[in-house]
1. Somewhere in region 320-340, is a residue crowded, with 21+ Cβ neighbours inside 10 Å and either touching a residue at least 24 places away in the same chain (Cβ under 8 Å) or not in a strand (DSSP E or B) (or both)?
2. Any idea how many residues of region 127-148 are touching an Asp or Glu at 6+ places or on another chain (Cβ under 9 Å), in a helix (DSSP H, G or I) and closer than 30 Å to SER566 by Cα?
3. Here's a check for you: in region 382-404, which residue that is without any contact (Cβ under 8 Å) to a residue 40 or more places away in the chain and out of contact with any strand residue (DSSP E or B) (no Cβ under 9 Å at 6 or more places or on another chain) is surrounded by the fewest Cβ atoms within 10 Å (Cβ to Cβ)?
4. Looking at (1) open to solvent by less than 20 Å² (accessible area, probe 1.4 Å); (2) closer than 22 Å to PHE306 by Cβ; (3) of a type outside the set (Lys, Arg); (4) part of a loop (DSSP other than H, G, I, E, B), which is the only condition ILE253 fails?
5. Just one of VAL578, VAL541 is in contact with a Ser or Thr (Cβ under 6 Å, 6 or more places away or on another chain), open to solvent by 20 Å² or more (accessible area, probe 1.4 Å) and hydrophobic (A, V, I, L, M, F, W, C); which is it?
6. Filter region 424-460 down to residues that are over 21 Å from ASP607 (Cβ atoms) and among the polar types (S, T, N, Q), then give me how many there are.
7. Determine whether region 595-604 contains at least one residue that is open to solvent by less than 40 Å² (accessible area, probe 1.4 Å), aromatic (Phe, Trp, Tyr) and more than 26 Å from PRO658 (Cβ to Cβ).
8. I need the full set of residues from region 81-118 which are free of Cβ contacts under 8 Å to residues at least 40 places away in the same chain, open to solvent by 90 Å² or more (accessible area, probe 1.4 Å) and within 22 Å of GLY371 (Cβ to Cβ), in order please.
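The values are calculated or read from the model by the stated rules, or taken from the named source; none is laboratory data. Since we're looking at a predicted model, the values are computed, not measured. Ideal geometry is used to build each Cβ from the backbone, glycine not excepted, and the neighbour counts take in all protein chains shown. Each accessible area value is taken on the protein alone, full model and side chains, heavy atoms only, with ligands, DNA and RNA left out. Shrake-Rupley method; radii C 1.70, N 1.55, O 1.52, S 1.80 Å.
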Amino acid sequence: STGGTALSGSMELGECTRNPGFQDADGSAAGTIGAEPGEKQQDATAVKLDSDVAEEYTQIKPYAGMPKEVLLLYSSQARYRVTREILFWLTVACTLALVALTITVIALSPRCLSWWQASPVYQIYPRSFKDSDGDGVGDLKGIKEQLDHFLYLNIKAVWISPFYRSPMKDFGYDVEDFRDIDPLFGNMQDFEELLAEMHNKGLKLIMDFIPNHTSDRHVWFNLSRARDPHYEDYYVWTNCSATGPKPNNWVSIFGNSSWTFDEVRGQCYLHQFLKEQPDLNFRNPHVLQEMKDIIHFWLEKGVDGFRMDAVKHMLEAAHLRDEPQVDPNQPPESAMTEWDLFHDYTTSQVGLHDLLREWRAEMDIYSREPGRYRFMVTESYDYEEVDKTMMYYGTRLVKESDFPFNFYLLDLPHNTSGFWVQHLVNLWMTNMPEGKWPNWVVGNHDRPRISSSVGPIYTRVINMLLLTLPGTPTTYYGEEIGMENINVTQSQIQDPAGKYNASASRDPERSPMQWSGDMNAGFNNKTNITWLPLHPDYTSVNVEVQMKDASSVLAQYRFLNTLRQSELQLHRGWFCYVHADANVFSYLRELDGLNQAYLMVLNFGKDSAITDLSSISELPQQLKVLMSTNQVNSGKVVQKSHILTEAGEGLVIQYSNPTRFNPSHQTQCYVSEKACYLGAMDILYKC
């Protein structure tokens, strides 16, 4: 046992792992510890075994779960190393190609349309839209109740006429407090709830902004007339007397002198509208800052845009000279309407566009928030001076409004013919700066309803024109169902302008919205009160009835608007004139890269007409009517040499042809931003 213990100890102390008691196959001993021959034999045996293990190791093939030693042994072999390097560089190449392709697609892709381009703008006159509390006047809660109407029509942009606190001398355009809601329409909580609900439904709210003037009950005016040092020059004042001549011959939009003597201050103040609407002095930097602060106030609340009211009147010539008369032989004392003078010194003055561009810059700060672009549209009736209107687009270097309202289609009633309609459309398209976005208006709260001024048989074809032209259409409430003007007796007049001059009353186009055939047309369900009379046709012309009728004005409006937003050709493609005559106006909408295109044939004349388009080689011989305003003609196949339309009928014709019209007819075609469609990748690209 002692020997065994000693042996165990020597094995533990030994540097070699060989067992000295091991017998080779030939019977020779491995040797004892400390004996030189044994050590030599042990080393030789160890080397021999190590060599055997190495030889055996190299014969092992790769297997799952192999140790690191085996993995390293095989990973350095050529067949594995080369494969690995090929896969690595292939991955690098694919990644670089993907990055390059992504950059190329981004660089070549046209700008996405903003919400104000994709959707029509719907104007609400809040007094007349929906009454929620039974006082006979529409309000903010009433608008909130009817928001699903816009979803039904696929409309995303809603412009609400003024609801600021106001004495209502001009029904809200005389503002007493720019930061408060008039109790007639509700309160600030009602507004905030309306705005939140609109945003929840994916709708955008555009407010009216009235910068030119305030109410004479505004605190600024009362401080100014009292000559408060800070507010003394907030308005345009000049010396005059109560009984003496006016400072000059300037006249207001509503007629008579633009100057009124104020007994408190002892001077005359300027008002280009009612005497209760004194003009602000935008040559005073404090006034400009006040209006910027008001813009910030509403943008902070989440408003999506502004319609800038009466902007051309914001600045006046400081020299206050008389304006030239249209008729030099007219006695000066009889020049008392806006049409008697050239408004060289009271409109579109130098510096006006600088003010608007400053406001645009303020709004752009809020537009940096993703998906929250803040829209700006300007209102300026410039009549034949269309070049002045186009200046509101800004320049290539400095942005101003997204577009100025295009009021030229309001002249449709002057002449119902294809030639006239083409002239009005062309007036805008040929003068619009390159790359800008057009827009179209056929009615508003200041002009007779188009169904009344042109005639109800043209309502459908006008809506078809509005929704198939390039750009953004604006729809005045009720146009989607074909509402007409009401008759208002002298005792029923509500419009302040009508009380001055009954023939100038704007009440007929402001009657309550016709929601149903129920009491008060569904406008007021609580009491038998409406602020203006209802149109007697409300039992048949209303939203509820027309929603059930596939051939109604409402159903056709909805179909056309949905088509406009779903078809690339209609909302961002080429617009090309193809024909105009005494009755018919016809045009194409197409997009490079798409074989499918649309032909519109619209009869604005007084008679049926046959349109021959056989000279248009890009059209196929047979054409299928996708939609007619006369439903019985929808789906018919017509020959391009014989397209029949009735008076007031419009056709949307869908056709396919790989040959586009615009390349060989450049002078007849317009596009805001050229884009082409690549079918292989289903993308648009700049071309």
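1. no
2. Counting residues in region 127-148 that are touching an Asp or Glu at 6+ places or on another chain (Cβ under 9 Å), in a helix (DSSP H, G or I) and closer than 30 Å to SER566 by Cα gives 2.
3. Ranking the qualifying residues of region 382-404, first place goes to LEU397.
4. Tallying (1) open to solvent by less than 20 Å² (accessible area, probe 1.4 Å); (2) closer than 22 Å to PHE306 by Cβ; (3) of a type outside the set (Lys, Arg); (4) part of a loop (DSSP other than H, G, I, E, B), ILE253 fails exactly one: (1).
5. The match here is VAL578.
6. Qualifying residue count for the region: 6.
7. The answer is yes; a qualifying residue exists.
8. Across region 81-118, the qualifying residues are ILE106, CYS112.
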